[in-house]
Amino acid sequence: ACTGIENIDEAITLLEQNNWDLVAAINGVIPQENGILQSEYGGETLHGPAYGPTGHSTAASSAPSSSSAFRHVVPSRQIVERQPRMLDFRVEYRDRNVDVVLEDSSTVGDIKHILENELQIPASKMLLKGWKTGDVDDSTVLKSLHLPKNNSLYVLTPDLPPPSSSHSGALQESLNQNFMLIVTHREVQREYNLNFSGSSTIQEVKRNVYDLTSIPVRHQLWEGWPSSATDDSMTLAVSGLTFPCHRLTVGRRSSPVQTREQSEEQCTDVHMVSDSDGDDFEDATEFGVDDGEMFGVASSALRKSPMMPENAENEGDALLQFTAEFSSRYGDCHPVYFIGSLEAAFQEAFYGKARDRKLLAIYLHHDESVLTNVFCSQMLCAESIVSYLSQNFITWAWDMTKEANRARFLTMCTRHFGSVVAQTIRTQKTDQFPLFLIIMGKRSSNEVLNVIQGNTTVDELMMRLMAAMEIFSAQQQEDIKDEDEREARENVKREQDEAYRISLEADRAKREAQEREMAEQFRLEQIRKEQEEEREAIRLSLEQSLPPEPKEESTESVSKLRIRTPSGEFFERRFLASSKLQVVFDFVASKGYPWEEYKLLGTFPRRDVTQLDPNKSLLEVKLYPQETLFLEAKE
């Protein structure tokens with residue numbers, strides 16, 4: 001009112017530059033000297049108070065609509081940059097719809113990465129279709145495509161599982177066949193003869209029918225598909241269609257939704273009414289003028305399709321119709337409504353990581369309120385409001401026009417917010433709708449921060465949204481701090497558990513190594529004992545096999561041998577001179593010195609007796625009548 005600034009982004013930027021000091025921000029835009037406001041056009045001065053209706057009227061009348069009325073006289077004033085433009089995408093994949101909100105500086109690849117997390121499909125396997133322009137790849141910047149605010153895309157995944165080997169031949173033949181589909185458009189009673197190859201998918205058929213009938217795939221209601229055709233990615237060859245010709249019927253699901261152009265042609269005066277202030281509506285009702293007859297238009301001509309079906313079994317389907325009807329009435333620039341139950345909206349807004357949590361905005365619509373058209377068209381669809389809601393809120397909507405839907409919401413409200421909030425909404429009169437509830441999730445309960453009625457302005461709505469966001473940000477910082485501390489404690493505990501686990505593994509490995517070492521020692525000891533026992537057995541056997549030692553007074557020739565061991569000991573024995581050298585070797589072995597390990601050496605001359613022929617006699621090898629030998633270990 002004081003500055004004539006109507007761009008909310010510019011106003012917020014100026015407030016941020018002045019640390020949210022309202023007076024400083026106003027004085028920075030309107031220099032004041034004795035009640036004189038300096039205009040930026042031709043040095044002209046406008047006299048009058050700086051605040052109040054008169055000053056506002058004069059300032060506003062002298063300023064062009066595209067800029068602020070006044071400017072700071074200091075030359076160093078910064079130029080306010082506008083925030084990036086936000087684009088909304090509704091992406092359809094089979095029976096799922098995913099809403100994506102991105103800045104226009106993002107790329108097509110950014111959309112695929114978001115869809116990869118939502119649909120659990122690798123980005124490399126996706127074909128993103130529905131672009132209005134030519135070739136588009138992952139590196140294409142959205143801004144270069146000159147897209148509208150709201151866009152509809154769809155994902156195709158042509159990579160199908162290979163057919164089983166037993167039916168591969170017949171299936172390949174079916175894939176090469178052409179099917180004639182006779183599609184009847186129920187509403188206009190028109191037939192289309194369409195040729196498709198057997199390798200085409202049901203999704204492609206529905207897309208082609210969309211081009212012919214302008215019925216979106218999600219709104220198509222089909223009759224005639226075989227019971228085996230359960231998946232839109234299925235090819236016609238395996239879907240069970242009758243070859244070569246099959247009849248199908250398509251219509252629009254539920255109530256048909258008017259296009260925006262039809263709404264503008266049929267309800268021109270409605271928009272005329274919506275552009276006026278709420279006071280005009282109140283004045284009209286005071287004079288007994290019906291809303292539909294205010295400008296000479298009959299009420300029946302202004303009657304629209306309901307925003308939401310009565311007694312809808314599935315809240316997601318009800319929200320889909322609400323979004324479609326809202327777009328039909330008020331255009332594509334509107335908040336992105338969460339499609340799903342209220343509980344699912346809670347999960348999306350409140351139960352993620354603290355840094356990812358958002359406020360929940362619940363819009364309660366009422367068609368019978370005179371404020372509804374103004375609130376929706378001028379405030380809820382304002383680009384600044386839409387952008388702010390998209391960035392900071394999860395927005396969920398409900399239609400309170402029908403009594404059944406109203407009772408259903410009050411039941412949900414009592415369950416989630418308590419009876420006090422439900423009673424507050426229950427007591428709201430029809431002309432106080434629509435309502436905008438701002439909900440903040442807390443540890444133990446959900447708190448309603450604000451209930452905004454329909455008789456408000458864009459600036460007031462934005463201020464109340466920002467006030468709620470300020471409260472939420474403070475709470476979010478505490479939650480982030482608590483979550484970080486909890487994660488730090490959990491990390492410490494995990495590290496301690498990991499260190500303890502490593503210590504246990506090290507102790508177990510050490511114990512196992514000791515056990516292995518002991519087992520190896522035991523094995524070696526057993527081997528050593530077995531070898532000793534074997535050697536002892538051999539020694540005893542040799543000792544027993546030796547011929548008896550001849551006596552000194554024997555009449556036969558006797559050789560006396562004296563043998564020195566490596567330890568310095570000596571042992572002597574008498575042998576018959578005719579005894580073989582092998583008998584000496586066996587005698588030495590019986591004393592524990594096998595000839596395989598030791599060699600028997602003579603002294604004069606020095607010679608290795610073990611190298612001699614063991615079958616020769618002692619006399620032949622000159623070990624007669626006596627000889628001194630010594631034992632030496634072989635290398």
Exercise. Provide the FRET efficiency to the nearest 0.05 for the Glu597-Leu504 pair, computing r from the beta carbons and using R0 = 45 Å.
Key: 0.40
Practice problem: Leaving ligands, DNA and RNA out of it, rank Ser559, Ser541 by accessible area with a 1.4 Å probe, largest first. | Solution: Ser541, Ser559
Quiz prompt | In Hz, Karplus ³J(HN,Hα) per residue of segment 397-407 (6.51, -1.76, 1.60; θ = phi - 60°; x = Gly, Pro) | solution = 10, 8, 9, 9, 5, 7, 5, 5, 5, 4, 5
Quiz item: Pulled fully out, how much extra length does the chain show between Glu16 and Lys560, if you take 0.36 nm times their separation in residues and subtract their Cα-Cα distance?
Solution: 183.6 nm
Quiz prompt | Unit charges on C-beta of K, R, D, E only; dipole of segment 558-633, Debye | solution = 300 debye
Exercise. Run through the DSSP bridge list for segment 558-633 and note the antiparallel percent, rounded to the nearest 5.
Key: 75 percent
Quiz item: Rounded to two decimals, what is Rg over Rh for segment 86-156 when you use alpha-carbon atoms and the Kirkwood radius?
Solution: 0.91
Practice problem: Hey, can you find the accessible area per residue of segment 86-156 for me, probe 1.4 Å, expressed in square angstrom? | Solution: 52 Å²
Exercise. Would you calculate the separation in nanometres between label points at Val492 and Ser341, each defined as 7 Å from the Cα along the Cα-to-beta-carbon direction?
Key: 4.0 nm
Practice problem: For segment 86-156, build the charge dipole from Cβ charges (+1 Lys, Arg; -1 Asp, Glu) around the Cα centre, then report which of Val108, Leu153, Val141 sits farthest towards its positive end. | Solution: Leu153
Quiz item: How many Lys pairs in segment 306-545 lie less than 27 angstrom apart by Cα atoms, where the lysines are 8 or more positions apart or on different chains?
Solution: 10
Quiz item: In what sequence, largest accessible area first, do Ile339, Ile502 appear using a 1.4 Å probe?
Solution: Ile502, Ile339
Quiz prompt | Exposure rank, largest accessible area first [Asp479, Asp110; 1.4 Å] | solution = Asp110, Asp479
Quiz prompt | Rg [Å, one decimal], Dmax [Å, integer] - segment 306-545, C-alpha atoms | solution = 35.6, 131
Quiz prompt | Rounded to the nearest 20 debye, dipole of segment 306-545 from Cβ charges on Lys, Arg, Asp, Glu | solution = 720 debye
Self-check item: Approximate spin-label separation Glu620-Arg523, in nm, with each point projected 7 Å along Cα-to-Cβ
Solution: 4.8 nm
Exercise. Provide the solvent-accessible area of Thr610, counting protein heavy atoms only and rolling a 1.4 Å probe, rounded to the nearest 10 Å².
Key: 20 Å²
Quiz item: Scattering from the C-alpha atoms of segment 558-633 alone, worked out with Debye: what is log10 I(q)/I(0) at q = 0.16 1/Å?
Solution: -0.48
Exercise. Express in Å², to the nearest 10, the accessible area of Glu525 obtained by rolling a 1.4 Å probe over the protein heavy atoms while all chains stay in place.
Key: 70 Å²
Self-check item: In Å², nearest 10: area of Ser369 left accessible to a 1.4 Å probe
Solution: 10 Å²
Quiz item: How high is the relative contact order of segment 306-545, given as a whole-number percent (alpha carbon pairs under 8 Å, six or more residues apart)?
Solution: 18 percent
Quiz prompt | DSSP beta bridge pairing in segment 86-156, given as percent antiparallel to the nearest 5 | solution = 70 percent
Practice problem: Kindly rank 514-520, 212-218 from highest to lowest mean number of other beta carbons found within 10 Å of each residue. | Solution: 212-218, 514-520
Quiz item: So, with +1 on the Cβ of K and R and -1 on the Cβ of D and E, and no other charges, what is the size of the charge dipole of segment 86-156 about its Cα centre, to the nearest 20 debye?
Solution: 220 debye
Quiz item: Under 21 Å Cα-Cα from Lys112, which lysines qualify once same-chain neighbours fewer than 8 residues away are excluded?
Solution: Lys125, Lys129, Lys132, Lys143, Lys149
Quiz item: Hey, rough spin-label estimate for Thr430 and Asp137, points 7 angstrom out along Cα→Cβ, what's it come to in nanometres?
Solution: 5.9 nm
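The values are calculated or read from the model by the stated rules, or taken from the named source; none is laboratory data. No experiment lies behind these values; they were computed from the predicted model shown. Every residue, glycine among them, receives a Cβ derived from its backbone with ideal geometry; neighbour counts consider all protein chains shown. Areas reflect the complete protein model, heavy atoms only, side chains present, ligands, DNA and RNA absent. Shrake-Rupley method; radii C 1.70, N 1.55, O 1.52, S 1.80 Å.
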